[in-house]
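*Asks:* One structure follows; several queries about it will come next.
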């Protein structure tokens, strides 16, 4: 699929992109560097937002390849949750790069019984000592 507007695509096909993605992970492994979305984007000679746009704009061609790379980064980050002292940064990363959320489901049941509901204003003032 050809991009009809904007700047030309950086990668002509999925194979070219996949080869560079594989090189990024190999580079990280050899140099004992963490996998990151920004690191991946920079290795691909783009910024983080551009990488995420590539995933959406070229959905039919590059979407699966980029999603798979992001899942590999996400799995790496998830494993870091089990390391001591870095959980806050890891959680921040997961929320901002992988749409994780803090979510609480609260269920309320029962009824409110107000014993003063049927009293007049005058009766309430008497009870309050405000006669």
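*Asks:* Sort out which residues of region 34-60 are closer than 15 Å to residue 14 by Cβ, in contact with a helix residue (DSSP H, G or I) (Cβ under 6 Å, 6 or more places away or on another chain) and modelled with pLDDT under 95, and write them in order of number.
*Replies:* Those that are closer than 15 Å to residue 14 by Cβ, in contact with a helix residue (DSSP H, G or I) (Cβ under 6 Å, 6 or more places away or on another chain) and modelled with pLDDT under 95: 51, 54, 55.
*Asks:* Based on what the data block shows, is residue 67 at pLDDT 90 or above, closer than 26 Å to residue 28 by Cβ and surrounded by 10 or more Cβ atoms within 10 Å (Cβ to Cβ)?
*Replies:* Yes, satisfied.
*Asks:* Same structure, new question: Going by the conditions given, is residue 103 over 13 Å from the mean Cα position of the chain (by Cα), closer than 30 Å to residue 51 by Cβ and without any contact (Cβ under 8 Å) to a residue 12 or more places away in the chain? Don't jump to the end; show me each part of the working.
*Replies:* Working: over 13 Å from the mean Cα position of the chain (by Cα): yes; closer than 30 Å to residue 51 by Cβ: yes; without any contact (Cβ under 8 Å) to a residue 12 or more places away in the chain: yes.
Against the criterion (over 13 Å from the mean Cα position of the chain (by Cα), closer than 30 Å to residue 51 by Cβ and without any contact (Cβ under 8 Å) to a residue 12 or more places away in the chain), residue 103 qualifies.
*Asks:* Got at least one residue in region 24-33 being modelled with pLDDT of 95 or more, surrounded by fewer than 14 Cβ atoms within 10 Å (Cβ to Cβ), touching a helix residue (DSSP H, G or I) at 6+ places or on another chain (Cβ under 9 Å) and under 19 Å from residue 90 (Cα atoms)?
*Replies:* For region 24-33, residues modelled with pLDDT of 95 or more, surrounded by fewer than 14 Cβ atoms within 10 Å (Cβ to Cβ), touching a helix residue (DSSP H, G or I) at 6+ places or on another chain (Cβ under 9 Å) and under 19 Å from residue 90 (Cα atoms): present.
Yes/no per residue for (1) exposed (fewer than 10 other Cβ atoms within 10 Å of the Cβ); (2) touching a strand residue (DSSP E or B) at 6+ places or on another chain (Cβ under 9 Å); (3) not in a loop (DSSP other than H, G, I, E, B):
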position	(1), (2), (3)
84	yes, no, no
95	no, no, yes
100	no, no, no
103	yes, no, no
107	yes, no, no
110	yes, no, no
113	yes, no, no
118	yes, no, no
122	yes, no, yes
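The values are calculated or read from the model by the stated rules, or taken from the named source; none is laboratory data. As the structure is a prediction and not an experimental result, all values here were calculated from the model. Cβ: placed from backbone, ideal geometry, glycine included. Neighbour counts: every protein chain shown.
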